[in-house]
Amino acid sequence: MAYANFKKTEMYDEIGNELKKSRKAAGLSIEEVSRKLREMDTDVSPSTISRIENGQRRIDDNLLELLCKIYGADANSLVCRATDLHRISLKATGLGLSEEIFDLFSELDDDGRAFVMRMLAYMKALNRY
């Protein structure tokens, strides 16, 4: 495996974070999402949605697709963003960067993340860290 420290449980955190961002971007509450799922013949309680968003519960592919449909998001893009964030967190940990810095980084949009990654690569090339 390319990333020896890659942990599924940490991926659940990242996928949950991305789902929460997508839900909020869609302007939906957890209760509204639960109601919409029931309308789609899928009974998922608000507490289950909360646990998924907080990385405390696994999500299967079918529910992921349904949630993304409700949010107007693409499931593949969401999982790719979550994977990228996880890889970046592993790099940050390896560089000794604090969790607080990574949390700030994870709040950036794609352009902001790309800029920071270019700067880190530049700094590494200059042997600054």
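Residue by residue, here is whether (1) modelled with pLDDT under 95; (2) touching a His at 6+ places or on another chain (Cβ under 8 Å); (3) under 21 Å from residue 82 (Cα atoms); (4) among the hydrophobic types (A, V, I, L, M, F, W, C) holds:
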| site | (1), (2), (3), (4) |
| --- | --- |
| 30 | no, no, yes, yes |
| 35 | no, no, no, no |
| 40 | no, no, no, yes |
| 45 | no, no, no, no |
| 49 | no, no, yes, yes |
| 54 | yes, no, yes, no |
| 57 | yes, no, yes, no |
Determine which member of the set 59, 52 is assigned to a loop (DSSP other than H, G, I, E, B) and out of contact with any Ser or Thr (no Cβ under 7 Å at 6 or more places or on another chain). 59
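Residue by residue through region 22-50, note down the ones that are among the polar types (S, T, N, Q) and loosely packed, with under 15 Cβ neighbours inside 10 Å.
Selection gives 29, 42, 45, 47.
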Restricting to region 101-111, what's the tally of residues that are modelled with pLDDT under 70 and either farther than 23 Å from residue 25 by Cα or β-branched (Val, Ile, Thr) (or both)? 0
Conditions (1) modelled with pLDDT of 80 or more; (2) exposed (fewer than 11 other Cβ atoms within 10 Å of the Cβ) -> residue 114 fails only (2)
Can you spot a residue in region 83-94 that is among the polar types (S, T, N, Q), under 30 Å from residue 37 (Cβ atoms), outside any loop (DSSP other than H, G, I, E, B) and at pLDDT 80 or above? yes
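The values are calculated or read from the model by the stated rules, or taken from the named source; none is laboratory data. Keep in mind it's a predicted model, so treat the numbers as computed, not measured. Quick reminder, even Gly has a Cβ in these numbers, built from the backbone with ideal geometry, and neighbours come from all protein chains shown.
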